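Derivation of every value follows stated rules applied to the coordinates shown; laboratory data play no part. These numbers come from a predicted model, not from an experiment. Methodologically, a virtual Cβ is constructed for each residue, glycine included, from the backbone with ideal geometry; neighbour enumeration extends over all protein chains shown.
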Amino acid sequence: MKLVLPFIVFVIFLSSCQNQEDFSWLEGDWVRINEQINRETFEQWEEVNGLYKGVGLTISEGDTVFNENMALEKIDDNWALVVSSVNDAPTVFKFTEQGANFFTCENPANEFPKAIKYFMAGDTLKAEISNDQMSIDFAFLKE
């Protein structure tokens, strides 16, 4: 009996560590389903050598009006979402919360967004970007 409890605690700890390294639920080609009329937004995520890389773009009337690169990277042994647009320096959002199918990351110094949250709701990938004054919700289905 004395060995059972430490073993159970170890197994729970081990499984929680594995979940925090697995972002495979993000992988794939996603199309936004709550977009404005005459606009299409897409995200594509893939695992590359243990890192997860993403591309987001919005098209309006045939023109690309928004394009950004994203990466989930370990920085100083902690996960971070690194976001960069075409002419901007990368912005780092440090993870503040994560689980099997979600994560929240923050950069209080960034004007907007200060927080980014990704999570699965059934077969829908959801994202929320926010600061203290406003929030924008995204809902994506896999193509």
From the residues in region 78-135 that are within 23 Å of residue 25 (Cα to Cα) and among the charged types (D, E, K, R), which one is nearest to the chain's Cα centre (by Cα)? 117
Take the residues of region 50-59 that are touching a Ser or Thr at 6+ places or on another chain (Cβ under 9 Å) and closer than 20 Å to residue 82 by Cβ: which is surrounded by the fewest Cβ atoms within 10 Å (Cβ to Cβ)? 57
Restricting to region 34-49, give me the number of residues that are more than 15 Å from residue 83 (Cα to Cα) and either over 15 Å from the mean Cα position of the chain (by Cα) or hydrophobic (A, V, I, L, M, F, W, C) (or both). 11
Is one or more of the residues making up region 63-70 acidic (Asp, Glu) and either without any contact (Cβ under 8 Å) to a residue 12 or more places away in the chain or in contact with a Lys or Arg (Cβ under 7 Å, 6 or more places away or on another chain) (or both)? yes
Quick check on my filter: what residues within region 21-41 are part of a strand (DSSP E or B) and without any contact (Cβ under 8 Å) to a residue 60 or more places away in the chain? 39, 40
Check region 109-120 and report whether any residue there is in a loop (DSSP other than H, G, I, E, B), touching a helix residue (DSSP H, G or I) at 6+ places or on another chain (Cβ under 7 Å) and of a type outside the set (Phe, Trp, Tyr). no
Go through region 102-118 and report how many residues are free of Cβ contacts under 8 Å to residues at least 24 places away in the same chain, buried (at least 17 other Cβ atoms within 10 Å of the Cβ) and in contact with a Lys or Arg (Cβ under 9 Å, 6 or more places away or on another chain). 4
Sole exception among (1) surrounded by 15 or more Cβ atoms within 10 Å (Cβ to Cβ); (2) within 17 Å of residue 21 (Cα to Cα); (3) among the hydrophobic types (A, V, I, L, M, F, W, C) for residue 75, by number: (1)
